[in-house]
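Data block below; observations after.
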Amino acid sequence: MKTFSYLDRKDNLKKFSDGYFDLIIVGGGINGAGVARDASMRGMRVALVEAEDFASGTSSRSSKLVHGGIRYLENLEFHLVFEALSERQKLFNLAPHLVHPLRFMLPLYQDGRVGMFKMGLGMWLYDALSLFQAPELHEKLSFTESIVRMPMLKAKGLLGSYIYSDAYMDDDRLVQETLRSAASFGAACANYCRAVGVDLDKNNQVRGITVRDELANKEILIRGKHVVSTVGPWTDQLGERFFPGWKKILRPTKGVHLTFEKSRLPMSSAVVMAAEKRIVFGIPRHEMVIIGTTDTDYPGDPSEVSTTVDDVKYLLSVTESYFPGAKIRKEDIISSYAGVRPLVGDSADTAGKTSREHTIFTDSHGVTFVAGGKYTTYRLIAEHVVNHCLKKYAVEDRVRFHRSNTNTPINPLITEDSFSMAGELKKQIIESISLSAKELQWLMDRHGFEALKMINQHGNNFDYVELEALHAIHNTMCLNLRDFYVRRMPLFLAERDHGLARLASLGNVFKTVFSLSDGELNEQKTALQKYIERELAWKKVGF
Ligand SMILES: Cc1cc2nc3c(=O)[nH]c(=O)nc-3n(C[C@H](O)[C@H](O)[C@H](O)COP(=O)(O)OP(=O)(O)OC[C@H]3O[C@@H](n4cnc5c(N)ncnc54)[C@H](O)[C@@H]3O)c2cc1C
């Protein structure tokens, strides 16, 4: 696969000013990435700009689940569940290194809202809506079986539980890999490039956008046939910036997650804590356990969203009520993260009820907007968005670009078969490299066969985290230490010291590749420290 690095960014900025594009995409979260991949695979000339780092918005702040959404069954939104379950199945094939099957336990209590029988029907329906293609079908467990499976679980009032299948993923990396795939089909993408204005012709129709290269503080005009906004929770901000008199369409809500060491909350499967109307998940992953999420109205600036003491207290109290024996305290929390759901306003009376369906529309100036929806269905949303945009094109373009074909692995080095074979290969190469078996396993889990390429390219001189850094710089357009710690590897979220013990060695990698002066390197380290302090400011408040 082609590189996707800071050098490509430089080339792409030049293409932005010199070229003419079939589609200009504003926003590099999962929806922008999905649209870029879909459109470039159809043969369209694509430009994508992202104001900050790729996936720095909601797409790195989700529960990191690829799921049908068991709770939508309660709202009778069967079509949403069916669509999401079928996309889940596709994502297992598209990105087996980023999307992993996970079993979920749903414990039921005497004072709960739903009994065993009704939940059993729901479970059957969930399997049926996946066309019985789930990695494993659901199981019903008695009281004793549930406690044996999850000894930490509150026993008082427990009726039994159901176990069902869904999946967890690396939300940020899926964005980066989707963009890398789009780039290999010719899309010109750049991070730290903010859309600041719109260029209209004499009929008030869009013919380009002005962007600011945030690193060089320079403006560039990008010209093209059509512009699509995939800025998620920033939709109303962008609308207001582009078009005076814009009418707000979003009803954003905030969601907070906490992270813990796996040893502190050992879970044999994910747990669905559904005592209240709002569901809180406990999600064990390769590197950590995540607890979340909250769901409260958030009318503020999405760039300013943060975790509050009340968010933490709420999530701790739910965890405490389901796992009283674990005696979880705030000191056990490693990190937290907060995100904004770009929900499209409807008449629902609570944030939790607002529909998760996406909206696509083209405004009177010819700009197409997409907002809402779930991460899980991004591939399908992208297909719908490009089809919608094509309505604005000349007939010959519509014919030329009509076929969407994104059902192929996003990284050709990592197909489902090759991913399972990579484990076998590990045994053969472990003797010849300086990594430990555990470190090699980590690389293989995250990169499949591409791990071998990483080792071959950079030799035996680096430890596995440094190899990750080199990979991130050359293949995911990672430009600084903060973006590496926060989105390329889960150091900030998963490690007790947020990975800061590795700062000197990782700093050296960045310093060498980017030829940074000592002062520039220190600036990057300070930016990382500030980020951590801001995200975890609630830890300084006594409670
Ligand atoms: C707490 C929470 C939990 C969730 N959990 C799940 C889950 O487990 N599973 C699931 O399927 N879905 C989940 N979702 C929903 C899912 O995460 C979102 O639907 C999805 O990430 C939205 O992606 P997006 O690309 O539309 O927006 P974003 O990821 O926010 O991307 C928009 C991008 O636009 C950029 N931008 C803004 N202004 C400009 C500008 N002027 N110029 C250029 N770029 C700009 C931003 O920097 C941002 O990167 C969750 C959402 C939240 C908030």
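The values are calculated or read from the model by the stated rules, or taken from the named source; none is laboratory data. In this text the structure is predicted, and so the values were computed from the model without any measurement. Note: ideal-geometry Cβ built from the backbone for every residue, glycine included; neighbour counts use all protein chains shown. We work out accessible area using only protein heavy atoms, side chains counted, and drop any ligands, DNA or RNA first. Shrake-Rupley method; radii C 1.70, N 1.55, O 1.52, S 1.80 Å.
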Original post:
Which one of Ile283, Ile290 is part of a strand (DSSP E or B), within 11 Å of the ligand (Cβ to nearest atom), under 16 Å from Ser63 (Cβ atoms) and in contact with a His (Cβ under 6 Å, 6 or more places away or on another chain)?
Top reply: Ile290
Original post:
Does any residue of the stretch 215-222 turn out to be touching a Cys at 6+ places or on another chain (Cβ under 9 Å) and open to solvent by 10 Å² or more (accessible area, probe 1.4 Å)?
Top reply: yes
**OP:** Specify which of the listed residues (Gln133, Gln205) is more than 29 Å from His286 (Cβ to Cβ) and not charged (D, E, K, R).
**Re:** Gln205
**OP:** Mind listing just one residue for me: the one in the stretch 34-58 that is in a helix (DSSP H, G or I) and open to solvent by less than 20 Å² (accessible area, probe 1.4 Å) and, of those, nearest to Ile220 (Cα to Cα)?
**Re:** Ala36
Original post:
Restricted to the stretch 331-357, and to residues that are more than 11 Å from the ligand (Cβ to nearest atom) and at pLDDT 95 or above, which residue is surrounded by the fewest Cβ atoms within 10 Å (Cβ to Cβ)?
Top reply: Glu331
Original post:
Of all residues in the stretch 211-270, which are among the charged types (D, E, K, R) and assigned to a loop (DSSP other than H, G, I, E, B)?
Top reply: Glu214, Lys225, Lys247, Lys248, Arg251, Glu261, Lys262, Arg264
Subject >> Only one of Asn93, Asn31 that is more than 15 Å from the ligand (Cβ to nearest atom) and either open to solvent by 20 Å² or more (accessible area, probe 1.4 Å) or touching a Leu at 6+ places or on another chain (Cβ under 8 Å) (or both) >> reply: Asn93
Original post:
Which one is surrounded by the fewest Cβ atoms within 10 Å (Cβ to Cβ), of the residues in the stretch 59-76 that are on the phi < 0 side of the Ramachandran plot, within 14 Å of the ligand (Cβ to nearest atom) and over 14 Å from the mean Cα position of the chain (by Cα)?
Top reply: Arg71
**OP:** Take the residues in the stretch 434-449 that are touching a His at 6+ places or on another chain (Cβ under 8 Å) and open to solvent by less than 30 Å² (accessible area, probe 1.4 Å), then tell me which one is modelled with the lowest pLDDT.
**Re:** Gly448
**OP:** Among the residues of the stretch 509-543, count how many are outside any helix (DSSP H, G or I) and either modelled with pLDDT under 95 or in contact with a His (Cβ under 6 Å, 6 or more places away or on another chain) (or both).
**Re:** 3
**OP:** Could you look through the stretch 382-396, keep only residues that are loosely packed, with under 15 Cβ neighbours inside 10 Å and of a type in the set (D, E, K, R), and pick out the one that is nearest to Val175 (Cα to Cα)?
**Re:** Lys391
Original post:
Does His79 fit the bill of being open to solvent by 10 Å² or more (accessible area, probe 1.4 Å), in a strand (DSSP E or B) and away from the ligand (no atom under 12 Å from the Cβ)?
Top reply: no
Original post:
What number of residues within the stretch 293-308 satisfy the criterion of being under 17 Å from Arg241 (Cβ atoms) and either within 9 Å of the ligand (Cβ to nearest atom) or open to solvent by less than 10 Å² (accessible area, probe 1.4 Å) (or both)?
Top reply: 2
Subject >> Qualifying residue in the stretch 10-19 (condition: assigned to a loop (DSSP other than H, G, I, E, B) and in contact with a helix residue (DSSP H, G or I) (Cβ under 9 Å, 6 or more places away or on another chain)) >> reply: no
Original post:
Filter the stretch 38-58 for residues that are more than 6 Å from the ligand (Cβ to nearest atom) and in contact with a strand residue (DSSP E or B) (Cβ under 7 Å, 6 or more places away or on another chain); which is nearest to Asp127 (Cα to Cα)?
Top reply: Ala39
Original post:
Across the stretch 2-38, what is the total count of residues that are in contact with a Lys or Arg (Cβ under 7 Å, 6 or more places away or on another chain) and under 25 Å from Leu470 (Cβ atoms)?
Top reply: 1
Subject >> Residue satisfying condition, being touching a residue at least 60 places away in the same chain (Cβ under 8 Å), of a type in the set (Phe, Trp, Tyr) and in contact with a Phe, Trp or Tyr (Cβ under 9 Å, 6 or more places away or on another chain), within set Phe484, Phe449, Phe419 >> reply: Phe419
Original post:
For the stretch 358-374, does any single residue satisfy the condition of being within 14 Å of the ligand (Cβ to nearest atom), closer than 27 Å to Val81 by Cβ and in a loop (DSSP other than H, G, I, E, B)?
Top reply: yes
**OP:** Name every residue in the stretch 192-235 that is among the β-branched types (Val, Ile, Thr), more than 11 Å from the ligand (Cβ to nearest atom) and over 27 Å from Pro299 (Cβ atoms), in order of residue number.
**Re:** Val206, Ile220, Ile222
Subject >> Extreme residue, surrounded by the fewest Cβ atoms within 10 Å (Cβ to Cβ), among residues of the stretch 507-541 that are touching a residue at least 40 places away in the same chain (Cβ under 8 Å) and of a type in the set (Lys, Arg) >> reply: Arg534
Original post:
Within the stretch 314-329, how many residues are part of a helix (DSSP H, G or I) and either small (Gly, Ala, Ser) or loosely packed, with under 14 Cβ neighbours inside 10 Å (or both)?
Top reply: 4
Original post:
Just checking, which of Glu383, Glu276 is more than 13 Å from the ligand (Cβ to nearest atom), closer than 29 Å to Ser229 by Cα, acidic (Asp, Glu) and out of contact with any strand residue (DSSP E or B) (no Cβ under 7 Å at 6 or more places or on another chain)?
Top reply: Glu383
